[in-house]
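Let me begin by presenting the structure, written as structure tokens, before commenting on it.
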Amino acid sequence: KCAEDTKGQTCYICTQALHWKTKEGLVRGCSCRGTAGFAHVSCLAEQARILVAEAVANNKDSQWHRWHKCSLCKQQYHGVVACALGWACWKMYLGRPETDIARGAAMGQLGNGLLFGEYFQDALSVQEAEFAMKRRLGYSEQNVLITVGNLAVTYKALGRLEDALRLRRDVYSANLRLYGEEREGTLIEAKNYANSLLALQRFEEVKPLLRKTVPVARRVLGDNDENTLRMRQYYALALSWDPDATLDDLREAVATLEDAERIARRVLGGAHPTVKHLEDALRNSQAALVAREARRA
């Protein structure tokens, strides 16, 4: 699926077009542009394995993000590349004891990869197994909450919106209690909770939540952060989708989306899913605004 985008390029890790051992082609599923970011999945996996092992051996900060975030553009992998890396991660650590922390993290990586690849039922099976394992082995509340949050994403993808909302509410409340409102994880869960509310068209709950949390996200995470951009998108959608939206609401929605889309395109690149979602939201909000102004005229 990456063949067309990777023609004539070489892997930035091994500098070859075809992998010397597997003969696999190249992929790119992050926010790199131009001639940057092309690699073999095998090279990305080996790089992640080495860096994670070195960090553990030297008691340094975890390098686990190498399994899901590009080392060049610092953005998350998405789509089929995230799915492939999820499988690569699981294969790398599945032989370890069930109590090994890397094996548990690899199961989470596989579940998320399947989700990004849109294998929703498979993702659900993995995440339910991961949740049961962590409860059985007595993982920390923080670690279990991560799995519950991932389960909520999959429930939403499968159309189980009420189940997703219930989990999202619980995870957001727990993060507020444990870490306060200014921690990155709490802000991400606020974004996810807002998304679940939006899916159920509970606009009067979404808007006050995001009016409170978006300014915190912009201060703590920054305007360029993908989570901040998503939160601004959800707020604009809550404004424009509301049947009781005023003309001022629609104008605010369009202005918010115009700014967020411009930032996202610069930071993430035009091919990124978040940019495409913002483009669609902006187009629909502009159409709603034009229609409302025409009726008023």
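The values are calculated or read from the model by the stated rules, or taken from the named source; none is laboratory data. Only a predicted model underlies this, so the values are computations on that prediction, with no experimental measurement involved. Virtual Cβ from ideal backbone geometry, glycine too; neighbours counted across all protein chains shown. With ligands, DNA and RNA removed, areas are computed over all heavy atoms of the protein, side chains included. Shrake-Rupley method; radii C 1.70, N 1.55, O 1.52, S 1.80 Å.
With the cut-off at 1.5 for a/c, could you classify region 1-150 from its C-alpha gyration tensor as rounded, prolate or oblate?
The shape class here is prolate.
Residues of the chain: accessible area per residue at 1.4 Å, in Å²?
Value returned for the chain: 50 Å² of accessible area per residue.
Can you tell me the orientation of helix 161-179 relative to the chain, as the angle in degrees between its alpha-carbon axis and the longest Cα principal axis, to the nearest 10?
80
So how far apart, in nm, are the two label points at residue 248 and residue 7 if each is 7 Å from Cα heading toward Cβ?
5.3
What is region 178-297 by shape, rounded, prolate or oblate, if you read a ≥ b ≥ c off the alpha carbon gyration tensor as root eigenvalues and call it rounded for a/c under 1.5, prolate for a/b larger than b/c, and oblate otherwise?
It comes out oblate by the Cα gyration axes.
Between residue 15 and residue 277, how high is the FRET efficiency from 1/(1 + (r/R0)^6) when r is the Cβ-Cβ distance and R₀ = 35 Å? Nearest 0.05.
The formula returns an efficiency of 0.50 here.
Just one of (i) 1.07; (ii) 0.99; (iii) 0.93 is Cα Rg over 2.2 N^0.38 Å calculated from these coordinates, so which is it?
The value matching this structure is (i).
Between residue 121 and residue 162, what FRET efficiency comes out of the Förster formula 1/(1 + (r/R0)^6) with R0 = 25 Å and r the beta carbon distance, rounded to 0.05?
For residue 162 and residue 121, the calculated efficiency is 0.85.
Show me the ranking of peptides 100-113, 159-172, 282-295, 61-74 by mean Cβ neighbours inside 10 Å, starting with the highest.
Output ranking for 100-113, 159-172, 282-295, 61-74: 100-113, 159-172, 61-74, 282-295.
Tilt of helix 41-57 relative to the longest C-alpha principal axis of the chain, in degrees (0 to 90, nearest 10)?
Its long axis makes an angle of about 80 degrees.
Which angle between 0 and 90 degrees, to the nearest 10, do you get for helix 141-157 versus the longest principal axis of the chain when only C-alpha atoms count?
Tilt relative to the chain: about 60 degrees.
Report the extension gain between residue 219 and residue 96 in nm, rounded to one decimal, defined as 0.36 nm multiplied by the number of residues separating them, less their alpha carbon distance.
40.2 nm
What 222 nm value per residue comes from the helices of the chain, counting each DSSP H run with n ≥ 4 as -39,500 (n - 2.57) and dividing by all residues, nearest 500 deg cm²/dmol?
-22500 deg cm²/dmol
Expected output is a single nm value to one decimal: the length gained when fully extending between residue 293 and residue 265, i.e. 0.36 nm times separation in residues minus the C-alpha distance. What is it?
My answer for the length gained is 7.3 nm.
Quick one: Cα centre-to-centre distance for region 165-233 and region 122-160, in angstrom?
With region 165-233 and region 122-160 each reduced to a Cα centre, they are spaced 19 Å.
Counting other Cβ atoms within 10 Å, keep those with at most 12, restrict to DSSP loop, and tell me which GluC sites (Glu not before Pro) in region 34-108 are left.
Within region 34-108, the qualifying GluC sites (Glu not before Pro) (loop, at most 12 other Cβ atoms within 10 Å) are 98.
Give, rounded to the nearest 20 debye, the magnitude of the charge dipole that region 36-99 has about its Cα centre when Lys and Arg contribute +1 at Cβ and Asp and Glu contribute -1 at Cβ.
80
Share of the chain's accessible area from carbon and sulfur, percent, 1.4 Å?
Here carbon and sulfur together make up 51 percent of the probe-accessible area.
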